[in-house]
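In what follows, a structure is listed as structure tokens, so that the remarks can point back to it.
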Amino acid sequence: MLKLYDYELSGNCYKLRLLLSFLGVEYKSELIDFYPGNQHKSPEFRQINPLGQLPVIDDNGLVLRDAQAILVYLASKYDPSCKWYPRDNPEMLGQISQWLAFADGITGTASAARLHDALFYNHIDVEAARAGAHRLFRVLDEHLFFAEEAGQDWICPGDHPTIADIACFPYIMLSEEGGIPRIDYPAIRRWSDRFKRIPGFTVMSGVFPAGPAAKDSSKAVA
Amino acid sequence: MMSDLHSNWYPIASSSDLPKRHVYQAQLLGREFAVWRADDGHVNVWENRCLHRGVRLSIGINNGTELKCQYHGWRYANRTAGCTYIPAHPADAPARTICNNTYPAIESHGLVWSGEEASGDLLSLDGFDSATVLRAVPVFAPMNMVAEALLGYGWDDSCKGAANDDGSVTVTAGDGTAVRIFVQPMDSNHSVMRGLVNQAPAGAGRAELLQTHSWLMQELRDRVEVLAAKQEAPAPYEPVIAKVSEDLVDIPALGTDGRKAELRVQLVKKEMTAEGIVSLRLEPIKGQLPTFQPGAHIDVHLPNGLVRQYSITNGPGETDHYTIGVKREGDGRGGSAAVHDSLQEGDVLAISAPRNNFPLRRDAEHTVFIAGGIGVTPMIAMARALNAQGLSFEFHYFVQSDDHVAFKQQIGEFERALTIHKGLSPEATGAKLKEVLAEPGFARHVYICGPGPMLEATRGIAASQGWTDEAVHFEYFANTAEVDDSTAFEVDLARSALTLQVPAGKTILEVLREHGIDMPSSCEQGACGTCRCGVIEGEVIHQDVYLSNAEKAEGKSIMTCVSRAASDRLILDI
Amino acid sequence: MSKPKCEDQVALNLWYTIAPIAELEEPGAQQTILLEQQIAYARNAAGEVVVWAHEGVPGGVPEQNTLPVQERYGYVWTTLGSPNSDIFPIPEYAEADRRNIHAATFGVNVSAPRLVENFLDMGHFPFVHTDILGAEPHTEVKEYFVEVSEERDEIIASNCKFWQPMAAAASSGGADVDYIYRVPHPFCSVLYKSSPLDESRKDVIAIFIQPFNQEQVRVHMLLSLLDDANNDTDIRLFQQTIFGQDKPILENQYPKRLPLDPRAETPIRADKSAIAYRRWLSGKGITYGVIPPAA
């Protein structure tokens, strides 16, 4: 069975738990004592991922690291509908890759600020990290505003969410733990409500579920 | 200065920021708001703080009619912001209404306007009746600095900016195109630019217009933020945290409202909902109706001087009206005849605030409702509350015939949970009830309301099937038993240190009233539970139908409107 | 040490946990903050734990001007003042068959008393710890007892019961779980919870809060369990999951400091322990991390 080296409070691990839940793929979580045990930096774990980072998957011997790379792999392999990662649509693939890189930027800023505030990563310049996150959130909020204007619910065009939405979601939702409020980003806040209503959505510690959608405005995304 | 700002109307959101089932987070002059649109379209602007433990309501859940706090699941009603349910105490009907702080709101020109103490009309927005609402752009800079910079805003060389009296800026181009930009002061160093354009193109024209201004405003934002960063940031506003009312501090005291008619309502719609049953829609003359809990009733003061109790049938969050159902009683005391024959649409009536002596637990795994005839009315409100929360229930409605089924539309919402039993004989009803009540169990509750004989029979069947007293909830709408008031005795009032004589022919309640003790009451026939009072010592002859057998046997409560002492003396906890 | 930034004498004269002892295995001085004062801690050449205050430049382990130190319950404790009582007892910690585990130290943007109140609260279990410590519709907080022990100067809430969906690994359904709560220190609390293994004994969970300032803290979480089935990592991660669920609630409370005015917020019967806690803090004259009454 697919194995996920996992840590509950990691937004990057959560990205994979989300996709696996949306796709209904069974997997086994191998819990890593990321904090305070630092198990991901242990010699044993570095044999699995020399970068000493989570998440990692082991799918029948194929070992992959990096949340965005694993999203691409899992969606390509386990989504027969090809909606989460439309691999035959070059325009979509280009846009998804662009936003996966953007999600990496969110990790480098919003997630860094959270690690500073919650887990005492004191070497991080937290003011710079927060400012960086705000710059990215401004870009995404404007993008999502105009996406809504165009009748589009998700980061990339089409009527179905993609792995770009999954990649951006966790560290945006956890930003307040790093002292980054989202009051200035109403389009992001509406998008995150829609995201939470995708069938199969699951929470992590720090993320609350949304209530049910209004009956007259619900859009099926199955 | 501050008070001037507080009395202004400011746009705090675009209408499009409030899709259904979303909670928008806003801020004005340092105070945060939770802003949400109910399914009926009403826009609520509330302080962003649950009064229980201060948690932001903007992380809560808008379920269409109520806002649910994320921390303890407290529910607050659309419009009134009154708390309708406290899950930690599911058996309690809140004796007091905890109300969130609400602020005035106007939705106009595609914007939502509010202000802590805003009143009166919005300033004129002439020329913007057919307008496009621009994308709002927040800026980390003080309001005045933003407004000043906006005077130089423009999209071509012909643009000229001018300040308006309300602090907004209008920029007009040579071709007559005008943009009016309001600056919303979130905090002393944080503002939002909200613009209206006096044109409403569609399609690509709209997208281009929005994009142009989004871009221009963001450019302006970047320039202003550079300027603002060079100055020392002003101290943030410190919004006053209002104290909750005195009566919410401790365990609620005994009410002292007596039998008062506090509210005036207009009968807006009167229609037959079933044979012999009329439905009345009551709307407030002005302002809001109070928050109600499912199971609550109101006193209705009828034109002929009688006071009658009727259950509210509304679903959760329906606070702009109350709908009640009244059955014509052939042998009633003249109240129902007055409703059926004399009341007309447009009439103004006096009613009491809602009281709830029939509280609904929402911590059941499964709830069984059993309604007979007009007894359906409180059950409709209860089942609608459970239905809205997605909790499991079944609804059995016993009627004579199809013509006797009232409130068809409302009960239709229950879909498969609804079973209507028509024209059953008493024996067949008994057999059906045995079937319905076959499975008592952990966290299963049954609620019964209907004619006395059916209620008695149902309680008996429930007991014989193994339902505990605590799991069986009922409400009589009349006490049909003969009340014996032939005894005389003494009552000691422990807290008031008074001793009163209750002679034959008078009730305890009447004697209390004569001595200036304002005991709340409603039906005054031992059915509604409003005049319940604690008993410290003495034996009681219970003549009410409100208390359960267990409560009667325990002897710690008395219905002062009908029940009397078995001993010479009673000590009451008042 | 210059004049302390914290002016609350009651808060200054308390003992505080500043780090798990295991952290001292790392070489060099570690940095942290207590009541706005920068402090450093390390093991000196003799193997003793040394804690000292400094103004931004920790330097090496000093010979003088160090702060009082105690090692207790697996943590380093210190104080900026002169405590007139010892660290409160947790006798269970010393029981031979218990597993004492440091679950985590987390930073939280909230005041210390808000965090204590959340720890005492059961009503949020179904809504915040959904399907773990509680589940709708089982939301009732049943009547419980609260007393303030004058002798021990601590609050005790007993006979607390709450319905838990998976009360014991062995049972398939839910059941009431018993809790006892102690507040033996303004910024610490100890919880006793039915042990699934031994009816007569209880698992212990304690929080020791180290205020950085009035609105930012870090919390050290200790578990002292009878569990013999799960490994340390699983136990630790379970507790982190629970705390991670409380965190966004805590960080979304307004105001961040705990208001002690009885009219600031609305209590219900379920909040008896919280009401006692607020009164106890008022009685002590604590001003740090709270909004004093009639301010």
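The values are calculated or read from the model by the stated rules, or taken from the named source; none is laboratory data. Predicted model, so just to flag it, every value in this text is computed and none were measured. Cβ: placed from backbone, ideal geometry, glycine included. Neighbour counts: every protein chain shown.
Name the single residue, out of those in segment B:350-370 being within 14 Å of chain C (Cβ to nearest Cβ) and of a type outside the set (S, T, Y), that is surrounded by the most Cβ atoms within 10 Å (Cβ to Cβ).
Among residues in segment B:350-370 that are within 14 Å of chain C (Cβ to nearest Cβ) and of a type outside the set (S, T, Y), the one surrounded by the most Cβ atoms within 10 Å (Cβ to Cβ) is B:L360.
For segment B:195-221, what are the residues that are under 22 Å from B:P11 (Cβ atoms), without any contact (Cβ under 8 Å) to a residue 60 or more places away in the chain and more than 10 Å from every other protein chain (Cβ to nearest Cβ)?
B:T212, B:E219
Take the residues in segment C:237-256 that are touching a Ser or Thr at 6+ places or on another chain (Cβ under 6 Å) and surrounded by fewer than 21 Cβ atoms within 10 Å (Cβ to Cβ), then tell me which one is nearest to A:E30 (Cα to Cα).
C:T241
Name the single residue that is modelled with the highest pLDDT among those in segment C:44-100 being acidic (D, E) and over 29 Å from C:P184 (Cα atoms).
C:E55
Pick from C:I235, C:I249, C:I286, C:I291: which is within 14 Å of chain A (Cβ to nearest Cβ), of a type in the set (A, V, I, L, M) and farther than 30 Å from C:S200 by Cα?
Only one candidate passes the filter, namely C:I249.
Where in segment A:1-118 are there helices (runs of 4 or more DSSP H), lying wholly inside it, with at least 2 residues that are crowded, with 19+ Cβ neighbours inside 10 Å and away from every other protein chain (no Cβ under 14 Å)?
A:11-23, A:67-78, A:90-106
Output the number of residues of segment B:173-225 satisfying the condition of being in a helix (DSSP H, G or I) and among the small types (G, A, S).
The qualifying residues number 5.
From the list A:S175, A:S192, pick out the single residue that is within 14 Å of chain C (Cβ to nearest Cβ) and closer than 27 Å to A:M92 by Cα. Steps first, answer last, please.
Details: A:S175 fails: closer than 27 Å to A:M92 by Cα.
Sole residue among the options that is within 14 Å of chain C (Cβ to nearest Cβ) and closer than 27 Å to A:M92 by Cα: A:S192.
Only one of (1) of a type in the set (A, V, I, L, M); (2) within 22 Å of A:L2 (Cβ to Cβ); (3) out of contact with any Phe, Trp or Tyr (no Cβ under 9 Å at 6 or more places or on another chain) is not met by A:V126, so which one is it?
For A:V126, the exception is condition (2).
Exactly one condition in (1) crowded, with 20+ Cβ neighbours inside 10 Å; (2) at positive phi is false for C:A294; which is it?
Condition (1) is where C:A294 drops out.
So which of B:A162, B:A149, B:A141 ends up being of a type outside the set (S, T, Y) and in a loop (DSSP other than H, G, I, E, B)? Please lay out each step first, then the result.
Values: B:A162 fails: in a loop (DSSP other than H, G, I, E, B); B:A149 fails: in a loop (DSSP other than H, G, I, E, B).
Result of the check over B:A162, B:A149, B:A141: B:A141.
Do we have C:F243 as facing chain A (nearest Cβ under 8 Å), aromatic (F, W, Y) and either within 30 Å of B:I98 (Cα to Cα) or part of a helix (DSSP H, G or I) (or both) here?
The answer is yes for C:F243.
For segment B:393-507, which fully contained strands (runs of 3 or more DSSP E) count at least 2 residues that are without any contact (Cβ under 8 Å) to a residue 40 or more places away in the chain?
Because the criterion is at least 2 residues that are without any contact (Cβ under 8 Å) to a residue 40 or more places away in the chain, the strands (runs of 3 or more DSSP E) in segment B:393-507 that meet it are B:393-399, B:418-422, B:498-502.
Mind checking which residues of segment A:143-167 are buried (at least 19 other Cβ atoms within 10 Å of the Cβ) and assigned to a helix (DSSP H, G or I)?
Across segment A:143-167, the qualifying residues are A:L144, A:F145, A:I163, A:A164, A:D165, A:I166, A:A167.
I need every pair where a residue in segment B:24-49 that is under 15 Å from B:S188 (Cα atoms) and within 12 Å of chain A (Cβ to nearest Cβ) has its Cβ under 6 Å from the Cβ of a residue that is surrounded by fewer than 22 Cβ atoms within 10 Å (Cβ to Cβ) and of a type in the set (A, V, I, L, M, F, W, C), sequence separation at least 6 or different chains.
Taking only residues 6 or more apart or on different chains, not a single pair turns up.
Among the numbered criteria (1) touching a strand residue (DSSP E or B) at 6+ places or on another chain (Cβ under 6 Å); (2) among the aliphatic types (A, V, I, L, M); (3) under 22 Å from A:I188 (Cβ atoms), which one does B:A147 miss?
For B:A147, the exception is condition (3).
Can you go through A:H134, A:H123 and tell me which one is outside any helix (DSSP H, G or I) and either within 12 Å of another protein chain (Cβ to nearest Cβ) or touching a strand residue (DSSP E or B) at 6+ places or on another chain (Cβ under 7 Å) (or both)?
Unique residue meeting the criteria: A:H123.
Of C:E151, C:E199, C:E117, which residue is under 30 Å from B:I61 (Cα atoms) and either in the same structural domain as C:Q240 (by TED's automatic domain parsing) or not in a strand (DSSP E or B) (or both)?
After ruling out the rest, the residue left standing is C:E117.
Restricted to segment C:24-52, and to residues that are under 19 Å from C:C188 (Cβ atoms) and within 13 Å of chain A (Cβ to nearest Cβ), which residue is surrounded by the most Cβ atoms within 10 Å (Cβ to Cβ)?
C:T32
Just one of the numbered conditions (1) within 13 Å of chain C (Cβ to nearest Cβ); (2) on the phi < 0 side of the Ramachandran plot; (3) outside any helix (DSSP H, G or I); (4) in contact (Cβ under 8 Å) with a residue 12 or more places away in the chain is not true of A:P170; which one?
(3)
Output yes when any residue across segment B:531-549 is outside the structural domain of B:A443 (by TED's automatic domain parsing), closer than 30 Å to B:T367 by Cβ, at pLDDT 80 or above and loosely packed, with under 14 Cβ neighbours inside 10 Å, and no when none is.
yes
Across segment C:124-133, what is the total count of residues that are in contact with a Phe, Trp or Tyr (Cβ under 7 Å, 6 or more places away or on another chain) and either in a loop (DSSP other than H, G, I, E, B) or more than 10 Å from chain B (Cβ to nearest Cβ) (or both)?
Step one: filter segment C:124-133 for residues in contact with a Phe, Trp or Tyr (Cβ under 7 Å, 6 or more places away or on another chain), giving C:124-125, C:127-128, C:133.
Next, only the ones that are either in a loop (DSSP other than H, G, I, E, B) or more than 10 Å from chain B (Cβ to nearest Cβ) (or both) stay: C:124, C:133.
Of the residues in segment C:124-133, 2 are in contact with a Phe, Trp or Tyr (Cβ under 7 Å, 6 or more places away or on another chain) and either in a loop (DSSP other than H, G, I, E, B) or more than 10 Å from chain B (Cβ to nearest Cβ) (or both).
Pairs under 6 Å by beta carbon, first residue farther than 26 Å from B:N189 by Cβ and in contact (Cβ under 8 Å) with a residue 60 or more places away in the chain in segment A:181-204, partner buried (at least 20 other Cβ atoms within 10 Å of the Cβ) and of a type in the set (F, W, Y), six or more apart or different chains?
Taking only residues 6 or more apart or on different chains, the pairs are A:G200/A:F22; A:M204/A:Y14.
Within segment C:85-123, restricting attention to residues that are within 13 Å of the chain's Cα centre (by Cα) and hydroxyl-bearing (S, T, Y), which residue is nearest to the other protein chains (Cβ to nearest Cβ)?
If we take residues in segment C:85-123 being within 13 Å of the chain's Cα centre (by Cα) and hydroxyl-bearing (S, T, Y), then C:T105 is nearest to the other protein chains (Cβ to nearest Cβ).
If we scan segment C:253-268, do we find a residue that is out of contact with any Cys (no Cβ under 9 Å at 6 or more places or on another chain), farther than 20 Å from C:V110 by Cα, at the interface with another protein chain (Cβ under 7 Å from one of its Cβ atoms) and in a helix (DSSP H, G or I)?
Checked against the condition, which is being out of contact with any Cys (no Cβ under 9 Å at 6 or more places or on another chain), farther than 20 Å from C:V110 by Cα, at the interface with another protein chain (Cβ under 7 Å from one of its Cβ atoms) and in a helix (DSSP H, G or I), segment C:253-268 yields no hits at all.
From the set of residues in segment B:550-574 that are among the hydrophobic types (A, V, I, L, M, F, W, C) and surrounded by fewer than 20 Cβ atoms within 10 Å (Cβ to Cβ), which is nearest to B:E456 (Cα to Cα)?
The extreme case among them is B:A550.
Residue by residue through segment B:60-87, note down the ones that are in contact with a helix residue (DSSP H, G or I) (Cβ under 7 Å, 6 or more places away or on another chain) and free of Cβ contacts under 8 Å to residues at least 24 places away in the same chain.
B:C69, B:Q70, B:Y71, B:H72, B:G73
Going through B:D129, B:D92 one at a time, which residue ends up being surrounded by fewer than 20 Cβ atoms within 10 Å (Cβ to Cβ) and more than 11 Å from every other protein chain (Cβ to nearest Cβ)?
Criteria check complete, one pass: B:D129.
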